[in-house]
1. Quickly run through region 69-98 and pick out the residues that are among the β-branched types (Val, Ile, Thr) and not in a helix (DSSP H, G or I).
2. Of everything in region 83-116, what is buried (at least 16 other Cβ atoms within 10 Å of the Cβ) and among the aliphatic types (A, V, I, L, M)? Give them in sequence order.
3. Find the residue count for region 142-180, including only residues that are acidic (Asp, Glu) and closer than 19 Å to residue 62 by Cβ.
4. For a quick check of your reading of the model, give me the residue pairs whose first member lies in region 54-68 and is in contact (Cβ under 8 Å) with a residue 60 or more places away in the chain and outside any helix (DSSP H, G or I), whose second is surrounded by 16 or more Cβ atoms within 10 Å (Cβ to Cβ) and not basic (Lys, Arg), with beta-carbon atoms closer than 6 Å and at least 6 apart or on different chains.
5. Can you work out which of the residues in region 44-53 that are free of Cβ contacts under 8 Å to residues at least 60 places away in the same chain and among the aliphatic types (A, V, I, L, M) is farthest from residue 119 (Cα to Cα)?
6. Mind listing just one residue for me: the one in region 1-50 that is modelled with pLDDT of 95 or more and of a type in the set (Val, Ile, Thr) and, of those, nearest to residue 88 (Cα to Cα)?
7. Checking the condition modelled with pLDDT of 80 or more, on the phi > 0 side of the Ramachandran plot and either surrounded by 14 or more Cβ atoms within 10 Å (Cβ to Cβ) or not acidic (Asp, Glu) (or both), which residue from 200, 177, 196 passes?
8. Restricting to region 102-139, count the residues that are without any contact (Cβ under 8 Å) to a residue 60 or more places away in the chain, in contact with a Leu (Cβ under 9 Å, 6 or more places away or on another chain) and assigned to a helix (DSSP H, G or I).
Amino acid sequence: MFFRKGFNVSGQTFSTVLTYGEWNLSFCLTTERLILEDLTGQDLASIQRIARDPRVMRYVLIWLENDEQVAGFLQHGIDESKRTDRMGYVLAARIPATGDFAGIAFLEIDPDQKSIAEVGCVLLPEFWEAGYASEILRAFLAFGFGTLSLHRIYGKCDELNHAAAHVLEKCGLQYEGTLREHVWLRDHWRSTRYYGMLAGEYSPLSGTDFCVPPLPTPSPTSKRERPSPTPSPK
């Protein structure tokens, strides 16, 4: 059997479909142009494409450096999809008309603070600059504050990733601060900008009327040399 719940956000209809099988629970979140659904073993090659494209991974704080880590990431998503007390939604974003894999979207609930969740997405380059990231984030905000009754949803991005920062601001999340140069990310010290929204602040019409400090611009004088030995990310 299945349970479907629909809701409307800014003129777009989102729906969740939970299908109960003998031992599993599958999840599907639909937006105007996308289907966000549980990962399967058939998505391995698509995730490898993400992991092997330096343009995609440049600012991504997910460790997919080898086949073992890619397989582990996929298995984590599959394992979460089978839990009845689910804490994570690591989903494949697909184009409904073609079934094309556009990227990964996730909502991860904090195991220590179950009313708080992090959201984000990683898209393949051919799906950049088309509004898909904003569409995914708005769907997660509606699902998180609506269906899951969360109190706080946050997202983060590398301070050099201006496109990601723009999406978070466009969807109404408030800039909360920057954790400076806290981890070595492949070729630079990453400083992470944090954005958040509380349940009381959420509205389908959430806009971008928030004041945020300017994004830094990479320059030769701001680059840091990689230390030796390389610190282990935590």
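1. First pass over region 69-98, keeping only residues among the β-branched types (Val, Ile, Thr): 70, 78, 84, 90, 95, 98.
Correct list: 84, 90, 95, 98.
2. 90, 91, 92, 93, 102, 104, 105, 107, 109, 116
3. The initial filter retains those residues of region 142-180 that are acidic (Asp, Glu), namely 158-159, 169, 176.
Filter once more, so that each one left must be closer than 19 Å to residue 62 by Cβ: 158-159.
Here the count works out to 2.
4. Filtered contacts from region 54-68: 59/158; 59/161; 60/122.
5. Ranking the candidates gives 45 first.
6. 40
7. Values: 200 fails: on the phi > 0 side of the Ramachandran plot; 196 fails: on the phi > 0 side of the Ramachandran plot.
Matching residue, one of 200, 177, 196: 177.
8. Number satisfying all stated conditions: 2.
The values are calculated or read from the model by the stated rules, or taken from the named source; none is laboratory data. Since we're looking at a predicted model, the values are computed, not measured. For neighbour counting, all protein chains shown are included, and Cβ atoms are generated from backbone atoms with ideal geometry for every residue, glycine included.
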